[in-house]
Every structure is written in structure tokens, then in C-alpha cells.
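Notes for the one structure printed next.
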């Protein structure tokens, strides 16, 4: 949920804005919203990647640190 929410919210907001602009100007191009959404989602993922990956890196570090103690009983 933490990884999906920022790109999803950005995509919904941009899609709504592009839809309103298309309805107001009567432009019926199908590739315009998809292209803009793709660019926004990629930029949001690139912008928030360090913040979103920090908990994942902490958990990975904890697992590798505790792995020898967890496998002693086997």
C-alpha cells in the first residue's frame, strides 16, 4: 500500500485534469492521457524511491544481520 499509493494518487489526479481539459477543448486523442500519466507515474516513483525504499532496506539489513542466529537451531 505504501508503494502503490503515491503513483496511484498522482495518476488519478492527472487523469482527472487531462479528462477535464479534453472535455473542455473537445480533443479526443487517446494517447494524450496515457502518455502524461506514464510520465507522471515514472517521475513520482523516481522522486519517492529513496523515501519508499528506506523501510525495505532496513528490513533487509535486519534479516541479514539476524540470519546466523535464526539458523543456529538447524
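A few notes on this one:
- Among (1) in a helix (DSSP H, G or I); (2) in contact (Cβ under 8 Å) with a residue 40 or more places away in the chain, the one test that residue 61 misses: (2)
- Pick from region 44-58, criterion touching a helix residue (DSSP H, G or I) at 6+ places or on another chain (Cβ under 6 Å) and without any contact (Cβ under 8 Å) to a residue 40 or more places away in the chain, ranking: farthest from residue 10 (Cα to Cα): 45
- Within region 1-11, restricting attention to residues that are in a helix (DSSP H, G or I) and within 8 Å of the chain's Cα centre (by Cα), the residue that is surrounded by the fewest Cβ atoms within 10 Å (Cβ to Cβ) is 5.
- Of residues in region 12-34 being part of a helix (DSSP H, G or I) and in contact with a helix residue (DSSP H, G or I) (Cβ under 8 Å, 6 or more places away or on another chain), the one nearest to residue 44 (Cα to Cα): 14
- Test: residue 41 is within 14 Å of the chain's Cα centre (by Cα) and either loosely packed, with under 11 Cβ neighbours inside 10 Å or assigned to a helix (DSSP H, G or I) (or both): yes
Only the coordinates and a few stated rules stand behind these numbers; no lab work does. Quick caveat: nothing in here was measured; it's all calculated off a predicted structure. Using ideal geometry, Cβ is built from the backbone for each residue, glycine included, and neighbour counts are taken over all protein chains shown.
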